[in-house]
1. Expressed as a whole number of Å, what is the distance separating the alpha-carbon centroids of region 241-286 and region 1-42?
2. Using the Karplus curve 6.51 cos²θ - 1.76 cosθ + 1.60 with θ = phi - 60°, work out ³J(HN,Hα) for each residue of region 265-273 in order, rounded to whole Hz, and write x for Gly and Pro.
3. Semi-axes of region 1-123's equivalent ellipsoid from the Cα gyration tensor, sqrt of 5 times each eigenvalue, largest first, rounded to whole Å?
4. For the chain, with all protein chains present and a 1.4 Å probe, just round the carbon and sulfur fraction of the accessible area to a whole percent.
5. Can you give the direction-averaged projected area of the convex hull of the alpha-carbon atoms in region 138-274, in nm²?
6. What percentages make up the Cα-Cα pair-distance distribution of the chain when the bins are 20 Å wide from 0?
7. Would you rank W167, W75, W265 by solvent-accessible area, highest first, keeping every protein chain in place and using a 1.4 Å probe?
8. I'd like to check one number: the per residue accessible area of the chain, probe 1.4 Å, reported in Å² as a whole number.
Amino acid sequence: SREYAQAVANSTKLFYSPKFKAHSRYLRKFCLAAKKKAGMFYDGASAYSNEKLTQLYEEITQAYSLSFIYGFNTWCTQVIQKDAVAIIKKRTGLLRDLDIKEETALNILIAHGRRTDYHLKDISLDDLFIRFSKSVEKLKRADQEEIKRAAPALYGAIIKFLSRYEWVGYDYGGPIISFKEVLKDLRSRVSRAKTPSTPITKAKLIAKFKLSAAEKKVFHILAEISYFKDIRNNTDDYVHYCLDNFYVEVARRFKFTKDQVKNLWPQELKNLLAGRSVYPRRYLNDKIDSCSAIGAAADQFYYGPAADLARKELIKEEAISSNTRTIKGQIASPGLVRGKVKIVHSFQDIDKIKRGDILVTYMTSPRLLPAISRCGAIVTNDGGLTCHAAIISRELKKPCVIGTKIATRILRDGDFAEVNANLGVVTRLKKYVR
């Protein structure tokens, strides 16, 4: 849209200006504030009165909204990404000499190298495996209760890990990391070949490329954006994990389901807690089925069939035909793969991904890594060259097309499709052709 194109232009100016450093400080400040406020609900919300629940909810949503506003520019990186790719393409001869691909070089140059909770969680899993690999191998088929009896030290270590990291990757609705999931990860490491380390460091690649100060700045900015994306996504995980405890408590008090409470507009939620309004379950169920918030005015909130109509009329949603066969997106990692489509809406869907399947999702996250490692290609609705799907697909050398906007609406489970990530095109096939 014209508005989004303007946002990209404005963000690009910000990235290249001295103001970007201050902007990033504010982003980090509001992310930390949102997490601190949300922490009041970390262990539940039953101890608070309705009035206190309302106060805390307002404080959390205010800080979270500011973190979202300041983080919006991390979705507006198309121009600077093109600048980075253009710089790398000038060094194709050096890439051949170093025996690395363009996408590998891009990954190395935009890596931020700082520890976020995503990295700390993975480091802790590595430590668990190093300490308990013999116990894990010995108890290959044991469940949680058997491990509690046979290997209490391993059991205690996993419980401790979960108390610190169970919310990481929660996204907007969970589920949390389970004991079973941790155990599955540890068991997979027993037989998994260790991935070779990157043959060239960031510092060496910069030296080999003889990057100018201006070129170095491009990759420095993208590394910063990658870091702050991690900070923002991590804030999403924690805030929504804590807010779900709040929704559960409100649902208990008013005899609703958690999903019904989550679908109240903010003012409706406050009215409910203050005893000013009562909402029929049918109304809440209609909102669960479909709802739209367009702008911030009260008359721009829609639910049920009116929400579908509002999307089409007010934002001129692109008409999608059931006969649409070709989807275009951005190339994240090149290659060409044909396979069976599997739509992944959340972590709960990952087991349906079999080896060679095409993983189609809105956007990926670290929790989807088991499915990503099995799939033949990745297609996403959203994302740019610094998104998780782009980075992980380049590392694993899997074809990946991102930013299609409509892949999850066009493709269905069981469809056969061709992912031509050399051209950024996904084609639904009438029949599977190897």
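The values are calculated or read from the model by the stated rules, or taken from the named source; none is laboratory data. Keep in mind the model is a prediction, meaning the values are calculated, not measured. Cβ coordinates were reconstructed from backbone atoms using ideal geometry, including for glycine residues, and neighbour counts include every protein chain displayed. When the accessible area is computed, the model is the full protein with side chains, heavy atoms only, and any ligands, DNA or RNA have been set aside. Shrake-Rupley method; radii C 1.70, N 1.55, O 1.52, S 1.80 Å.
1. 30 Å
2. After applying 6.51 cos²θ - 1.76 cosθ + 1.60, I find 5, x, 5, 5, 4, 5, 4, 4, 5 Hz.
3. Values: eigenvalues 303, 82, 24 Å².
Computed over region 1-123, the values are 39, 20, 11 Å.
4. On the way: 12650 of 23320 Å².
C and S fraction of accessible area: 54 percent.
5. Values: hull surface 56.7 nm².
Projected over every direction and averaged, the Cα hull of region 138-274 covers 14.2 nm².
6. Spelled out bin by bin, the chain gives 21, 55, 23, 1 percent.
7. Numbers: W167 10, W75 75, W265 50 Å².
Solvent-accessible surface, decreasing: W75, W265, W167.
8. Numbers: 23320 Å² over 434 residues.
Solvent-accessible surface per residue comes out at 54 Å².
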